[in-house]
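The structure under discussion appears below in the form of structure tokens.
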Amino acid sequence: MGTKNNNNLFFTCSLIEYIGRKVKRKRGEVTNFLGKEKISQIYEYADVFHCEPIEKVSEEFIEECKITEGSFDNVKSCQYTVPDYWDIGEVYERLIEDIYMDNEIEQGIWEVYHSWIDAHISNYNTDFYYQPRDYIAACYKEGEILS
């Protein structure tokens with residue numbers, strides 16, 4: 001499948017997570033605001049964006065893409081320790097790497113964030129997001145949480 005430890009993908013997913021938390025939007029909504037072209041730009045130039053603080057980079061994209069405040073606050077509703085946005089970015093990164101070929105990564109970003117699994121990864125009151133990567137990939141392929 002995809003390249004393991006794709007740093008550009010890791011940064012892209014972590015930035016989407018960071019923006020989602022900041023504007024209280026579901027991550028699929030964040031990708032809709034950004035659009036496929038911006039996501040491609042973030043993915044392609046992640047090494048450059050990564051040199052700046054993520055707070056600054058997120059602010060620029062929030063302004064540029066006119067991302068408005070929503071009401072999805074999975075951080076506030078979390079009853080346990082809130083996972084770091086880098087940790088959640090890594091969950092998405094690994095899933096996309098495990099399912100999509102290198103030339104399909106940008107398509108994979110779009111599809112994963114617009115799929116049923118996004119709600120499960122974003123629910124920090126379950127243990128789903130810290131399950132082994134092969135289990136999460138198997139669930140995604142099957143279209144459901146496997147018991």
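The values are calculated or read from the model by the stated rules, or taken from the named source; none is laboratory data. As the structure is a prediction and not an experimental result, all values here were calculated from the model. Heads up, the Cβs are rebuilt from the backbone with ideal geometry, glycines too, and the neighbour counts pull from every protein chain shown. Heavy atoms of the whole protein, side chains included, go into the accessibility calculation; ligands, DNA and RNA do not. Shrake-Rupley method; radii C 1.70, N 1.55, O 1.52, S 1.80 Å.
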Calculate, for the chain, the solvent-accessible area per residue in square angstrom, rolling a 1.4 angstrom probe over the heavy atoms of the protein chains.
52
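If the chain between GLN41 and ASN125 were fully stretched, how many nm would it gain, using 0.36 nm times the residue separation less the Cα-Cα distance? Numbers along the way, then the final one.
Details: separation 84, 0.36 × 84 = 30.24 nm, distance 3.26 nm.
Extending this stretch completely gives an extra 27.0 nm.
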Evaluate the Kirkwood expression for the hydrodynamic radius of region 52-125, namely the inverse of the mean inverse distance over all pairs of different C-alpha atoms, and round to one decimal in Å.
14.2
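How long are the three semi-axes of the equivalent ellipsoid for the chain, computed from the Cα gyration tensor as the root of 5 times each eigenvalue, in whole Å, largest first?
Working: eigenvalues 95, 73, 35 Å².
Gyration-tensor ellipsoid for the chain: 22, 19, 13 Å.
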Interchain or sequence-distant (5+) residues whose placed amide H lies within less than 5 Å of the amide H of LYS24 are GLY70
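Return the equivalent ellipsoid semi-axes of region 1-83 as a descending list in whole Å, where each equals the square root of 5 times an eigenvalue of the C-alpha gyration tensor. Walk me through the numbers on the way to the answer.
Values: eigenvalues 88, 53, 29 Å².
The three semi-axes for region 1-83 are 21, 16, 12 Å.
At 0.36 nm per residue, minus the direct Cα-Cα distance, what do ASP102 and VAL75 gain on full extension? Give it in nm, one decimal, please.
Working: separation 27, 0.36 × 27 = 9.72 nm, distance 3.15 nm.
Full-extension gain reported as 6.6 nm.
Tell me, what % of the accessible area of the chain is carbon and sulfur with a 1.4 angstrom probe?
On the way: 3740 of 7680 Å².
Roughly 49 percent, rounded to a whole number.
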Could you go through region 59-67 in sequence order and give the Karplus-derived ³J(HN,Hα) for each residue, using 6.51 cos²θ - 1.76 cosθ + 1.60 with θ = phi - 60°, rounded to whole Hz, and x for Gly and Pro?
4, 4, 6, 4, 5, 4, 9, 6, 7
Give me the one-decimal nm value for the distance between modelled label points at LYS66 and ASP87, 7 Å along each residue's Cα-to-Cβ direction.
3.7
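Could the peptides 23-30, 63-70, 130-137 be put in order, highest first, of the mean number of other beta-carbon atoms found within 10 Å of their residues? Could you put the intermediate results ahead of the total?
Working: 23-30: 20.1, 63-70: 12.0, 130-137: 14.5.
Per-residue Cβ counts within 10 Å, averaged per peptide and sorted highest first, yield 23-30, 130-137, 63-70.
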